[in-house]
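See below for the structure under consideration.
The values are calculated or read from the model by the stated rules, or taken from the named source; none is laboratory data. None of the values given here were measured: they were computed from a predicted structure. As a convention, Cβ positions derive from the backbone with ideal geometry for all residues, glycine included, and neighbour counts pool all protein chains shown.
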Amino acid sequence: MNKDISEVNENKEEKQAEASLHPEPVNQSVPEAEQKALRKKKGAERREYEKRARGSLSAYMNWPIWVSIGLLVLCAAITAVDWVAGGIASVICIVIVLILVGLTLYYYRRVSSDMVTFGAGYAQIQKQLLQEMNVPYAVTDEKGYLIWMNSAFKEIAKTEIRGHRNLTSLFPDIHRKYPKNGEPMVIHSSYQDRKYQVTIKGVALQDIVTSVLDTGEHESLSPQMYAVYLYDETEMLACKQQIEDEKLVTALIYLDNYDEALDSIEEVRKTLLIALIDRQINKYINSYQGVIQRLENDKYFAIFTYKHLLEMQENHFSLIEDVKKVNIGNTTAVTISMGLGVNGGSYTKDYEYARAAIDMALGRGGDQVVLKNKDNITYYGGKAENQGKNTRVKARVKAQALRELIESADDVLIMGHHISDADCIGAAAGIYRAAVFSRKRAHIVLDTVSNNIKPLIERFKNNPDYEPDLFINNSAAFGKIHHGTLLVVVDNNRASYSECPGLVNLARNVVVIDHHRQTKDYIENTVLSYVEPYASSASEMVSEILQYYDEDIRLKPTDSEALYAGIVVDTNNFMNKTGVRTFEAAAFLRRNGADVTRVRKLFRDDMSDYKAKAEVVRSMEVFMGCYAISVCPAAMTQSPTVIAAQAANELLGIQNIKASFVLTDYDHQIYISARSIDELNVQVIMEKLGGGGHLSVAGAQLKDTTVEQAKTLLKEVLKQQKDIVPAK
């Protein structure tokens with residue numbers, strides 16, 4: 001009997017060993033001593049379980065013995081009372097015991113045989129279930145060769161070869177170095193036009209050896225196998241892609257120069273021009289199965305799916321160029337701006353994104369598409385020169401709004417960008433004069449005085465028309481700002497580029513007056529934002545504001561000359577970005593006492609600066625036949641960034657040079673000054689390097705890099721430009 005029971009138990013152990021082919025993986029991050037203790041504990045628990053199972057089976061099979069003993073005790077008790085009754089009971093007990101023995105001998109072998117048959121059948125069922133399991137399942141060795149696979153895996157692999165086909169030949173995305181720490185490795189791959197999630201889990205064979213040997217001699221043996229599961233995610237990914245493609249995109253389309261275009265055409269053709277533009281926009285949106293609604297004469301609202309947005313991106317939003325081609329005699333080409341919002345989580349949020357995007361597009365000068373995808377902002381277009389508007393209605397409105405803000409404030413702080421230039425100081429001086437006119441105390445935040453603006457700053461010192469503490473440093477500015485302070489940021493719309501970025505975060509009321517295109521990190525939550533990229537300079541914008549601030553305001557000669565100097569610097573002596581309003585602003589300043597001769601003397605170079613510019617020209621490198629790249633030596637001048645900008649302008653005078661880039665290492669940063677005439681949008685190039693600016697005047701600042709590394713990055717960006725064909 002015990003022999004048969006032993007056979008049954010051995011059969012159970014074999015099944016347990018077979019079932020343990022896929023135990024939980026050993027965590028290799030646990031120290032080896034702890035792993036060894038854990039394995040011993042598991043072995044003790046397994047032996048205890050087997051002992052209990054063996055005892056239960058033996059107790060069940062030996063019940064006739066216990067019954068026989070009980071009958072014998074009963075017979076002995078009866079005999080002690082009555083010999084006759086005891087004899088009869090003994091005969092009956094002997095008969096019952098003989099019957100029990102016979103039945104036990106008769107049924108024991110049959111029970112043992114049935115248990116063995118059941119165990120074998122159970123193991124076969126397990127194997128069959130694993131073989132026919134719908135989830136593709138396979139086992140590989142340490143090198144990835146397939147050792148065993150079920151029917152579902154064979155159907156995918158299309159092979160019966162087990163030891164000669166590597167898993168990486170089926171799924172090349174799988175790394176040959178499989179996981180060793182017990183954590184499953186999940187890889188998404190494809191095979192024969194189907195997409196799978198491949199899960200690989202390590203199986204340590206030492207656990208199997210432990211269950212078989214039950215000794216400590218196998219501790220050094222740790223062969224490794226891997227269980228591989230495949231999950232077909234083709235349909236799921238297709239559904240996810242369909243959901244992604246069908247997301248709605250909100251779009252706002254504005255005509256940038258609607259009034260100007262109509263003014264440039266005969267009265268009888270205005271209706272036709274409007275109709276042609278409207279037809280072009282509707283045709284474009286309808287071609288992408290979108291819905292469009294005209295809100296105003298120059299504004300449209302449209303929605304379409306995300307799938308079609310991707311198609312628009314591939315075509316670089318051809319609507320921008322298509323609208324420009326509409327010409328029936330109008331001397332001014334019509335340009336449009338688009339603001340797109342997507343992935344906001346709701347239609348309301350998408351619309352808010354679209355509104356923010358269209359404001360960004362208009363703030364950057366129009367003629368472009370801005371896509372806002374949550375926190376990511378992408379720009380398209382913006383290659384046309386901004387066209388200035390002759391009307392100054394907006395300047396008048398902004399001037400009145402600024403006056404109300406200044407008069408309601410306790411005091412005013414005026415701040416420009418880091419390493420201030422003449423335009424920055426001129427615009428700040430104009431705002432200072434407006435604040436003084438409104439009887440408000442004002443200060444200009446200036447922490448670093450570069451060499452090029454020292455002559456201009458000296459004009460304000462020891463001048464009775466200005467307070468002695470007109471200019472204050474950053475530390476003093478932090479001590480003066482409070483709840484009622486109005487902070488006016490001029491010639492800059494990015495907090496990170498300002499003279500003192502911390503002030504922007506502390507100020508409750510912030511005003512921005514700038515002529516640079518906005519970028520994604522522009523100053524938000526302003527009480528007044530006046531950003532006009534078509535303006536030549538911030539000094540021009542402030543000059544217009546002063547004309548409408550109050551008719552009784554009078555500028556001091558130093559104010560006028562500072563503003564005039566700002567215009568001269570940013571227009572390169574009225575040669576770049578000048579329009580009608582630029583000369584009108586200059587005329588206003590001349591009437592208020594600006595002396596052109598004194599302004600010219602402010603910008604005379606000393607010998608070291610002149611030599612630095614000459615060195616920039618001498619060391620110039622012509623890249624791709626049309627780009628001038630050079631480096632301004634910071635050691636030769638006290639104002640390397642200014643000299644670099646001036647030298648970049650000089651390089652444009654060389655024949656066949658369509659854009660110039662001058663780099664300089666200053667204050668642990670690499671400054672890049674970019675200039676062009678009309679053949680390349682340097683603002684787009686500088687944005688790719690983290691900077692910004694205008695179509696023809698731009699710049700960037702690179703941290704944690706060297707001049708050579710910055711030059712390499714610049715060349716990589718230039719190689720990607722498709723706007724221009726290099727000269728041969």
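I need the full set of residues from region 467-490 which are farther than 22 Å from Ser537 by Cβ and outside any helix (DSSP H, G or I), in order please.
Looking only at region 467-490, we keep the residues that are farther than 22 Å from Ser537 by Cβ, and these are 467-469, 472-486.
Residues satisfying the conditions are Glu467, Pro468, Asp469, Ile472, Asn473, Ile481, His482, His483, Gly484, Thr485, Leu486.
Which pairs turn up if I take residues in region 667-682 that are of a type in the set (S, T, N, Q) and look for partners that are at pLDDT below 90 and part of a loop (DSSP other than H, G, I, E, B) with beta carbon separation below 6 Å, at least 6 apart in sequence or on another chain?
Filtered contacts from region 667-682: Ser676/Ser696; Asn681/Lys383; Asn681/Leu695.
Just name the residue that is surrounded by the most Cβ atoms within 10 Å (Cβ to Cβ) out of those in region 251-267 that are assigned to a helix (DSSP H, G or I) and aliphatic (A, V, I, L, M). Spell out how you get there, then give the answer.
First, the residues of region 251-267 that are assigned to a helix (DSSP H, G or I): 258-263, 267.
Add one more test, that the residue is aliphatic (A, V, I, L, M), and what stays is 261-262.
Working: Ala261: 24, Leu262: 20.
Looking at the filtered set, the residue picked out is Ala261.
For region 483-492, indicate whether the set of residues that are more than 34 Å from the chain's Cα centre (by Cα) and loosely packed, with under 14 Cβ neighbours inside 10 Å is non-empty.
Yes, the conditions are met somewhere in region 483-492.
Could you list, in sequence order, the residues of region 345-360 that are touching a residue at least 40 places away in the same chain (Cβ under 8 Å) and either buried (at least 17 other Cβ atoms within 10 Å of the Cβ) or closer than 30 Å to Thr271 by Cβ (or both)?
Looking only at region 345-360, we keep the residues that are touching a residue at least 40 places away in the same chain (Cβ under 8 Å), and these are 347, 350-351, 353-355, 357-358, 360.
Of everything in region 345-360, those that are touching a residue at least 40 places away in the same chain (Cβ under 8 Å) and either buried (at least 17 other Cβ atoms within 10 Å of the Cβ) or closer than 30 Å to Thr271 by Cβ (or both) turn out to be Asp350, Tyr351, Tyr353, Ala354, Arg355, Ala357, Ile358, Met360.
In the same structural domain as Ile358 (by TED's automatic domain parsing), within 19 Å of Glu266 (Cα to Cα), small (Gly, Ala, Ser) and not in a strand (DSSP E or B) - does that describe any residue in region 312-329?
Yes; the residues of region 312-329 include at least one that is in the same structural domain as Ile358 (by TED's automatic domain parsing), within 19 Å of Glu266 (Cα to Cα), small (Gly, Ala, Ser) and not in a strand (DSSP E or B).
Among the numbered criteria (1) at pLDDT 90 or above; (2) within 28 Å of Tyr534 (Cα to Cα); (3) of a type in the set (S, T, N, Q), which one does Asn257 miss?
Here Asn257 clears every test but (1).
Would region 268-289 turn up any residue that is within 24 Å of Gly344 (Cβ to Cβ) and in a loop (DSSP other than H, G, I, E, B)?
Taking every residue of region 268-289 in turn, at least one turns out to be within 24 Å of Gly344 (Cβ to Cβ) and in a loop (DSSP other than H, G, I, E, B).
Which one is surrounded by the fewest Cβ atoms within 10 Å (Cβ to Cβ) among residues in region 562-586 that are in a helix (DSSP H, G or I) and among the β-branched types (Val, Ile, Thr)?
If we filter region 562-586 for residues that are in a helix (DSSP H, G or I), which is where we start, we get 562-570, 580-586.
From the residues that got through so far, the ones that are among the β-branched types (Val, Ile, Thr) too are 567-569, 580, 582.
Numbers: Ile567: 29, Val568: 22, Val569: 26, Val580: 10, Thr582: 21.
Per the criteria, the residue is Val580.
Within region 599-620, is there a residue that is more than 22 Å from Phe460 (Cβ to Cβ), within 40 Å of the chain's Cα centre (by Cα) and assigned to a loop (DSSP other than H, G, I, E, B)?
Within region 599-620, one or more residues are more than 22 Å from Phe460 (Cβ to Cβ), within 40 Å of the chain's Cα centre (by Cα) and assigned to a loop (DSSP other than H, G, I, E, B).
Within region 290-300, work out how many residues are assigned to a strand (DSSP E or B) and surrounded by 16 or more Cβ atoms within 10 Å (Cβ to Cβ).
Initial filter on region 290-300 (assigned to a strand (DSSP E or B)): 291-296, 299-300.
Adding the requirement that they be surrounded by 16 or more Cβ atoms within 10 Å (Cβ to Cβ) leaves 292, 300.
So the count comes out to 2.
Could you list, in sequence order, the residues of region 257-284 that are more than 13 Å from Asp298 (Cα to Cα) and among the aromatic types (Phe, Trp, Tyr)?
Within region 257-284, Tyr284 is the sole residue that qualifies.
Are any of the residues in region 491-511 outside any strand (DSSP E or B), within 20 Å of Leu528 (Cβ to Cβ), out of contact with any Ser or Thr (no Cβ under 9 Å at 6 or more places or on another chain) and free of Cβ contacts under 8 Å to residues at least 12 places away in the same chain?
Looking through region 491-511, at least one residue is outside any strand (DSSP E or B), within 20 Å of Leu528 (Cβ to Cβ), out of contact with any Ser or Thr (no Cβ under 9 Å at 6 or more places or on another chain) and free of Cβ contacts under 8 Å to residues at least 12 places away in the same chain.
Just a yes or no: is a residue in region 704-716 within 27 Å of Glu532 (Cβ to Cβ) and either touching a Ser or Thr at 6+ places or on another chain (Cβ under 6 Å) or surrounded by 15 or more Cβ atoms within 10 Å (Cβ to Cβ) (or both)?
Applying the first criterion (within 27 Å of Glu532 (Cβ to Cβ)) to region 704-716 yields none.
Within region 704-716, none of the residues are within 27 Å of Glu532 (Cβ to Cβ) and either touching a Ser or Thr at 6+ places or on another chain (Cβ under 6 Å) or surrounded by 15 or more Cβ atoms within 10 Å (Cβ to Cβ) (or both).
Inspect all residues belonging to region 517-526 and state whether any of them is over 35 Å from the mean Cα position of the chain (by Cα), in a loop (DSSP other than H, G, I, E, B) and of a type outside the set (Gly, Ala, Ser).
Of all residues in region 517-526, those over 35 Å from the mean Cα position of the chain (by Cα) come to none.
There is no residue in region 517-526 that is over 35 Å from the mean Cα position of the chain (by Cα), in a loop (DSSP other than H, G, I, E, B) and of a type outside the set (Gly, Ala, Ser).
With the structure loaded, tell me whether Lys520 is charged (D, E, K, R), at pLDDT below 90 and farther than 25 Å from Ala357 by Cβ or whether it fails that test. Steps first, answer last, please.
Working: charged (D, E, K, R): yes; at pLDDT below 90: yes; farther than 25 Å from Ala357 by Cβ: no.
Taking the combined requirement at face value, the residue does not satisfy it.
Hey, could you check region 598-621 for residues that are among the hydrophobic types (A, V, I, L, M, F, W, C) and exposed (fewer than 15 other Cβ atoms within 10 Å of the Cβ) and say which is nearest to Glu561 (Cα to Cα)?
First pass over region 598-621, keeping only residues among the hydrophobic types (A, V, I, L, M, F, W, C): 599, 602-603, 607, 612, 614, 616-617, 620.
Of the ones still in play, those that are also exposed (fewer than 15 other Cβ atoms within 10 Å of the Cβ) are 607, 614.
On the way: Met607: 24, Ala614: 29 Å.
This residue is Met607.
Residue-by-condition table, conditions (1) at positive phi; (2) touching a His at 6+ places or on another chain (Cβ under 9 Å); (3) at pLDDT 70 or above:
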residue	(1), (2), (3)
Ala59	no, no, no
Gly70	no, no, yes
Gly86	no, no, yes
Gly102	no, no, yes
Tyr122	no, no, no
Leu146	no, yes, yes
Arg165	no, no, yes
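Across region 527-540, which residue is surrounded by the fewest Cβ atoms within 10 Å (Cβ to Cβ) among those that are at pLDDT 90 or above and in a loop (DSSP other than H, G, I, E, B)?
Applying the filter and picking the extreme gives Val527.
What do you reckon, is Leu652 within 22 Å of Asp423 (Cβ to Cβ), surrounded by fewer than 24 Cβ atoms within 10 Å (Cβ to Cβ) and touching a strand residue (DSSP E or B) at 6+ places or on another chain (Cβ under 8 Å)? Give the steps one after another, and end with the answer.
Values: within 22 Å of Asp423 (Cβ to Cβ): yes; surrounded by fewer than 24 Cβ atoms within 10 Å (Cβ to Cβ): yes; touching a strand residue (DSSP E or B) at 6+ places or on another chain (Cβ under 8 Å): yes.
Answer is yes for this residue.
If a residue must be exposed (fewer than 15 other Cβ atoms within 10 Å of the Cβ), of a type in the set (Lys, Arg) and at pLDDT below 90, how many such residues does region 269-289 contain? Give the derivation first.
Our first condition is that a residue be exposed (fewer than 15 other Cβ atoms within 10 Å of the Cβ); within region 269-289, this holds for 269, 271-272, 275, 279, 283, 286-287, 289.
So of that shortlist, the ones also of a type in the set (Lys, Arg) come out as 269, 279, 283.
Adding the requirement that they be at pLDDT below 90 leaves 269.
Adding up the residues that qualify gives 1.
Within region 376-403, count every residue that is at pLDDT 70 or above, buried (at least 19 other Cβ atoms within 10 Å of the Cβ) and within 21 Å of Arg581 (Cα to Cα).
Residues that pass the stated criteria total 4.
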